[in-house]
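J.: Sharing a structure here in structure tokens format.
The values are calculated or read from the model by the stated rules, or taken from the named source; none is laboratory data. If you're wondering where the values come from, they're calculated on a predicted model, not measured in any experiment. Neighbour counts are summed over all protein chains in view; Cβ atoms, including those assigned to glycine, are modelled from backbone coordinates with ideal geometry. In case anyone asks, the SASA skips ligands and DNA or RNA and just uses the protein heavy atoms, side chains included. Shrake-Rupley method; radii C 1.70, N 1.55, O 1.52, S 1.80 Å.
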Amino acid sequence: IYIYIFLSGLIYYFSSQGNTAAQQNRIKAQLFTALEGLSQSHVTVVYQDSIGFLWIGTRDGLNKYDGYTFQHFRNQPFNKNSISNNYIRSIAEDSRGNIWIGTNSGLNMLDRKTGDFNVFMPFISDSSIMRDPVVFSVYVDSSDRVWFKTIDCLQVIDPEAGEIKVFNHYYNRFGRVPVNQNYNICEDSKGHIWIATKDGLQMFDPRTEKIRRYVPDSSDQDFTGNINVSTVFEDSKG
């Protein structure tokens, strides 16, 4: 009898501890959809700025969330200071607090002081690729330069002068482009700019201004033939 009571006590203790741990590890989350104020429920990107605001990109507008309400930014055809397109692909912030937004039609900079959007239309080397200049990703490097990727180019903008420099990376124009996929940019600790592309991983060297391409070894038995890269980052070991 005593053994049974002891074992029962142990079972109850560990089961209660497990339930407590599960409750502690349970994530409290709140779902936001168009019903709660988003401009659209299909979220493409989320970014928290230096002030603490959340910027949420969707396929139908940019949203700013202050913890209570959503502020919407959509293209207004007769307002040249509005965002250029409603499909938001990427968001970044520079050291001055300006918000940079990559859309399906151009790069936008939201000026925090005026609340206006400045639109930069990127260079497209092959006008037959896409009807609009899609900006897949935006990245602000350690020198506050704004890098962004189009379908076949890596481009960098000088915000002060408004000038854009273009660096063509390898692009197979006959390869399929996943419509809803983004390709991010990363700066490593040596200042190299890494680009995810549909044609493999590519790296821009600022010293030589050349782009080197990395693809899997086709002789590798595990290689499936897919060289599409969507994300790249640098780990703690460089």
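J.: May I ask you to say which residue of THR44, THR69 is open to solvent by 20 Å² or more (accessible area, probe 1.4 Å), more than 19 Å from the chain's Cα centre (by Cα) and hydroxyl-bearing (Ser, Thr, Tyr)? Quick ask: steps written out before the conclusion?
T.: Values: THR44 fails: more than 19 Å from the chain's Cα centre (by Cα).
Of THR44, THR69, the one residue that is open to solvent by 20 Å² or more (accessible area, probe 1.4 Å), more than 19 Å from the chain's Cα centre (by Cα) and hydroxyl-bearing (Ser, Thr, Tyr) is THR69.
J.: How many residues, within segment 150-161, are β-branched (Val, Ile, Thr) and not in a strand (DSSP E or B)?
T.: Total meeting the criteria: 2.
J.: Might you let me know whether segment 200-217 holds any residue that is among the polar types (S, T, N, Q) and either modelled with pLDDT under 90 or more than 20 Å from the chain's Cα centre (by Cα) (or both)?
T.: There is at least one residue in segment 200-217 that is among the polar types (S, T, N, Q) and either modelled with pLDDT under 90 or more than 20 Å from the chain's Cα centre (by Cα) (or both).
J.: Also, quick follow-up: Considering every residue within segment 87-97, establish whether at least one is touching a Lys or Arg at 6+ places or on another chain (Cβ under 6 Å), touching a residue at least 24 places away in the same chain (Cβ under 8 Å) and surrounded by 18 or more Cβ atoms within 10 Å (Cβ to Cβ).
T.: Among the residues of segment 87-97, at least one is touching a Lys or Arg at 6+ places or on another chain (Cβ under 6 Å), touching a residue at least 24 places away in the same chain (Cβ under 8 Å) and surrounded by 18 or more Cβ atoms within 10 Å (Cβ to Cβ), which makes the answer yes.
J.: With respect to LYS113, is the statement that it is in a loop (DSSP other than H, G, I, E, B), surrounded by fewer than 20 Cβ atoms within 10 Å (Cβ to Cβ), free of Cβ contacts under 8 Å to residues at least 12 places away in the same chain and among the basic types (Lys, Arg) true?
T.: yes
J.: Same structure, new question: I need the full set of residues from segment 131-149 which are more than 13 Å from ALA196 (Cα to Cα), assigned to a strand (DSSP E or B) and open to solvent by 10 Å² or more (accessible area, probe 1.4 Å), in order please.
T.: Across segment 131-149, the qualifying residue is only VAL140.
J.: Which one of these is open to solvent by 60 Å² or more (accessible area, probe 1.4 Å) and not in a loop (DSSP other than H, G, I, E, B): LEU35, LEU62, LEU31?
T.: On inspection, the qualifying residue turns out to be LEU35.
J.: I'd like the full set of residues that are of a type in the set (A, V, I, L, M, F, W, C), under 16 Å from PRO133 (Cβ atoms) and either open to solvent by 20 Å² or more (accessible area, probe 1.4 Å) or over 16 Å from the mean Cα position of the chain (by Cα) (or both), limited to segment 150-171.
T.: Within segment 150-171, CYS153, VAL156, ILE157, ILE164, VAL166, PHE167 qualify.
J.: Let me ask another. Restricting to segment 85-110, name every residue that is farther than 14 Å from THR150 by Cβ and in a loop (DSSP other than H, G, I, E, B).
T.: Of everything in segment 85-110, those that are farther than 14 Å from THR150 by Cβ and in a loop (DSSP other than H, G, I, E, B) turn out to be ASN86, TYR87, ASP94, SER95, ARG96, GLY97, ASN98.
J.: Somewhere in segment 227-237, is a residue polar (S, T, N, Q), in a strand (DSSP E or B) and modelled with pLDDT of 90 or more?
T.: Applying the first criterion (polar (S, T, N, Q)) to segment 227-237 yields 228, 230-231, 236.
If we keep only those that are in a strand (DSSP E or B) too, we end up with none.
There is no residue in segment 227-237 that is polar (S, T, N, Q), in a strand (DSSP E or B) and modelled with pLDDT of 90 or more.
J.: Okay, next question. Name the residue, out of ASN85, ASN104, ASN118, that is modelled with pLDDT of 90 or more and either over 28 Å from VAL229 (Cβ atoms) or among the β-branched types (Val, Ile, Thr) (or both).
T.: Going through ASN85, ASN104, ASN118 in turn, the sole match is ASN118.
J.: Still on this structure, I have one more. Tally time: how many residues in segment 101-124 are within 17 Å of ASP49 (Cα to Cα) and aliphatic (A, V, I, L, M)?
T.: 3
J.: Inspect segment 172-188 for any residue being among the hydroxyl-bearing types (Ser, Thr, Tyr) and either open to solvent by 30 Å² or more (accessible area, probe 1.4 Å) or part of a strand (DSSP E or B) (or both) and give the result as yes or no.
T.: The answer is no; no qualifying residue exists.
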